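Each remark here refers to the structure printed beneath this line.
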Amino acid sequence: QKDQAWSGRFNEPVAELVKRYTASVDFDKRLAVFDIEGSIAHATMLGAQGIISAQDVTEIKRGLGEILAEIEAGQFEWLLDLEDVHLNIERRLTEKIGDAGKRLHTGRSRNDQVATDVRLWLRNVVDGTITGIRALQTSLLDLAEQHAATIMPGFTHLQVAQPVTFGHHLMAYFEMLNRDAERFADARKRINRLPLGAAALAGTSYPINRELVAELLGFDSVCQNSLDAVSDRDFAIEFNAAAALLMMHLSRFSEELILWMSPRFGFIDIADRFCTGSSIMPQKKNPDVPELVRGKTGRVYGHLIGLLTLMKGQPLAYNKDNQEDKEPLFDVADTLLVTLQIYADMLRGITVKADNMRQAALEGFATATDLADYLVKKGMPFRDAHEVVAHAVKAGVRSGRDLAEFSLAELKAFSDTISDDVFDVLTLEGSVASRNHTGGTAPEQVRRAIAQARVQLGR
Ligand code: ARG
């Protein structure tokens, strides 16, 4: 029993199975760097406040530095008997430096310690996520720029609606990602507050200086209530919620890439290095990456519900339930960061089949609205114009022709306000060029949006 930091009170050893059930070291050792960073700041503060000696602080820093090196070199021996990352590191420190190591935990509990570790780790993840989003946005801009004037059918209900430019379509995702980055930056504000000093739950009787620790660790402020500081994980749930929204956007995008790569659409091809074949069908080339992104969105959603449920029944203050926050959070972070990276690369491997896109736009009466608008501009009320064009479309469906393929005489039969300038609006190019306002699909607007986006991203 002397292996455990809290053993004095117990009359029998903890059952082997219980030890394994309650230990978290197998996964929370991932927090080691942040645990050490937090401990160094805590010890520095204890020294500055005269709670431990300057000599102790020096020893602690040296010892923790050596431990960090051991961990990084893969030489650190993690013991299940020591339960978690915190007790493992503390025990090793004491082995190395003796009594000074035993003084590190003065005025601190694992409860405020773990909350601090998770926040430090998550802050780092959020910064990586925002960097990943920006890299993906840069890929999007590069592709959108090449296709500012490439015409494709825009869809509603997955039925051809109106022509749009492919660049415009891609820039829709740029906007979604912008909001995602905003959400992570906003969540960061609430992540970046210091729990240390809350101790187990009530604070501590030592003359600590929490503001100093916050400053040393780069926190913006300190958590204002000790009970809240050790118990709530809302900051982590917020991160997961932002992650779920980001994955939702990437899942939608993936769904489109998958459809577009299907020969029935034939709008794009995805480079071979992002696809896989079939073990039975020799001809196959499958868009596995976007399919997996769509699939992994499910696990990120699942973790969000998991964390919300983990938190919902907990009375104040710390409960061991919270140990269960780590594996889902690690999984969300890993999923997110690798997905962003692979997505940015994959966009650079997309080949656009502009002819097929154009052909598809020609096949669905995509300029029917333009014909109605043309009639309105000649003085016809919109509802009447809508009806006139509906008849023209019906005739087109019957004869298997697009509106632009009718002769002027044929068109005049639907309304004699139609004259030969009608063909300017019936073309795909005329249609997109006419939507020339902020947020519209005209190539000129798409180029403007891309230029603005580049300024925003600072390149
Ligand atoms: N491994 C624990 C966690 O992840 C650390 C805090 C444990 N505190 C305690 N009093 N058992 O939450």
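For the pair Gln314 and Ile342, the difference between a 0.36 nm per residue extended length and the Cα-Cα distance amounts to 6.3 nm. Annotation: lysines with alpha-carbon distance below 26 angstrom to Lys96 (same-chain offsets under eight excluded): Lys2, Lys19, Lys29, Lys61. When the label point is put 7 Å from the Cα of Ala390 along its Cα-to-beta-carbon vector, which residues of region 418-459 have a backbone N closer than 17 Å? No residue qualifies, since no backbone N sits under 17 Å from the label point. Packing-based ranking of 137-144, 191-198, 357-364, 85-92 yields 191-198, 85-92, 137-144, 357-364, ordered from highest to lowest mean Cβ neighbour count within 10 Å.
I need the shape label for region 315-372. Rule: rounded when a/c is under 1.5, else prolate if a/b > b/c, else oblate, with a, b, c from the alpha carbon gyration tensor.
Values: a/c = 7.49, a/b = 2.50, b/c = 3.00.
It is oblate, given that a/c is not under 1.5 and a/b is not larger than b/c.
Take the alpha carbon gyration tensor of region 228-274, find the square roots of its eigenvalues, order them as a ≥ b ≥ c, and report rounded if a/c is under 1.5; if not, report prolate when a/b exceeds b/c, else oblate. Prolate, because a/c is 1.5 or more and a/b exceeds b/c.
Given a cut-off of under 8 Å on Cα pairs at least six residues apart, what relative contact order in percent is computed for region 145-281?
18
Using θ = phi - 60° in the Karplus curve 6.51 cos²θ - 1.76 cosθ + 1.60, the 3J(HN,Hα) couplings for region 281-292 round to 9, x, 7, 6, 9, 9, x, 4, 5, x, 5, 5 Hz; x is entered for Gly and Pro. Considering only the Cα atoms of region 7-106, their convex hull presents on average a projected area of 6.8 nm². Going from the fewest other Cβ atoms within 10 Å to the most, the residues Glu72, Glu175, Glu37 appear in the order Glu72, Glu175, Glu37. For region 269-403, the gyration tensor built on C-alpha atoms gives an oblate shape. Its axis ratio a/c (a ≥ b ≥ c) is at least 1.5, and a/b is not larger than b/c.
Straightening the chain between Glu12 and Ser278 buys 90.0 nm, computed as 0.36 nm per residue apart minus the Cα-Cα spacing. Dividing the summed -39500 (n - 2.57) terms of all DSSP H runs of n ≥ 4 by the residue count of the chain sets its mean residue ellipticity at 222 nm at -20500 deg cm²/dmol. With viscosity 0.692 mPa s and temperature 37 °C, the Kirkwood radius over alpha carbon pairs of region 359-457 converts through Stokes-Einstein to a diffusion coefficient of 225 µm²/s.
Here the chain is assigned +1 on the Cβ of each Lys and Arg and -1 on the Cβ of each Asp and Glu. Its dipole about the Cα centre then comes out at about 200 debye. Straight-distance candidates among the lysines for linking to Lys412, with alpha-carbon spacing under 21 Å and chain neighbours fewer than 8 residues away dropped: Lys377, Lys378, Lys394. For region 117-222, how big is the tail of P(r) above 19 Å, as a whole percent of Cα pairs? Cα-Cα pairs in region 117-222 separated by more than 19 Å: 62 percent.
One chain, two ends: Ala172 and Ala48. Fully extended at 0.36 nm per residue, the span grows by 39.4 nm beyond their Cα-Cα distance. Note on Lys284: aspartates and glutamates with a C-alpha under 17 Å away, same-chain residues under 8 apart excluded, are Asp269, Asp272.
The shape of region 210-306 can be summarised by an equivalent ellipsoid whose semi-axes, obtained from the alpha carbon gyration tensor, come to 44, 14, 12 Å from longest to shortest.
Report note on the peptides 239-247, 348-356, 443-451: ranked by the mean count of other C-beta atoms within 10 Å, highest first, their order is 239-247, 443-451, 348-356. Taking the number of Cβ atoms within 10 Å of each Cβ as an exposure proxy, the fewest-first ranking of Met346, Met152, Met380 is Met380, Met346, Met152. Using equal-weight Cα scatterers in the Debye expression, the normalised intensity of the chain in log10 at q = 0.14 Å⁻¹ is -1.24. Normalised by the number of residues in the chain, the mean separation of alpha-carbon contacts (under 8 Å, six or more apart) gives a relative contact order of 17 percent. Which whole-number percent gives the relative contact order of region 7-106, counting Cα pairs below 8 Å spaced six or more residues apart? After rounding, I find 37 percent.
No value in this document is a laboratory result; all are computed from the given coordinates. The shown structure was predicted, so the numbers you read here are calculated from the model rather than taken from an experiment. With ideal geometry, Cβ positions are generated from the backbone for all residues, glycine too; neighbour counts draw on all protein chains shown.
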